[in-house]
Amino acid sequence: MKRLNKFERTELTGTWFPVHPTTQKLLSINCEDGILIPVFSTKEKYEEAAKWGGFQFAICQEILDHRVFFAALMEAKTRFEFRLILDPHVVEGRLRFQLIPLDDSDVKVIKNS
């Protein structure tokens, strides 16, 4: 994992995320630290990740407005610890990604929803 030192929420606009084809629910990765919510900087990076089996049956959707994406997270009333991760991929059998920092106000709103 590599933590991004600076990441603006507006940079999420134009990224891609996987959803279940039937339910349209956001797909996530469960781990010991909570839930990882993947976003991809380009559709090509998403398609590359689908090749290793992570999201092969998912549908890829673009984040057109970062505010709508965050609203959807809050609407889901997620009660779990979660982290947004950028461009997850597998290297030598291990999951690698960049951690997208959330500011404190986002985390509080999402936790309290």
- Item | Residue match in the stretch 34-54 (condition: at pLDDT below 85, surrounded by 13 or more Cβ atoms within 10 Å (Cβ to Cβ) and within 19 Å of Pro101 (Cα to Cα)) | yes
- Message: What's the total number of residues in the stretch 68-94 that are touching a strand residue (DSSP E or B) at 6+ places or on another chain (Cβ under 6 Å) and either modelled with pLDDT of 85 or more or not in a loop (DSSP other than H, G, I, E, B) (or both)?
- Response: 8
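The values are calculated or read from the model by the stated rules, or taken from the named source; none is laboratory data. This is a predicted model, so every value here is computed, not measured. Ideal geometry is used to build each Cβ from the backbone, glycine not excepted, and the neighbour counts take in all protein chains shown.
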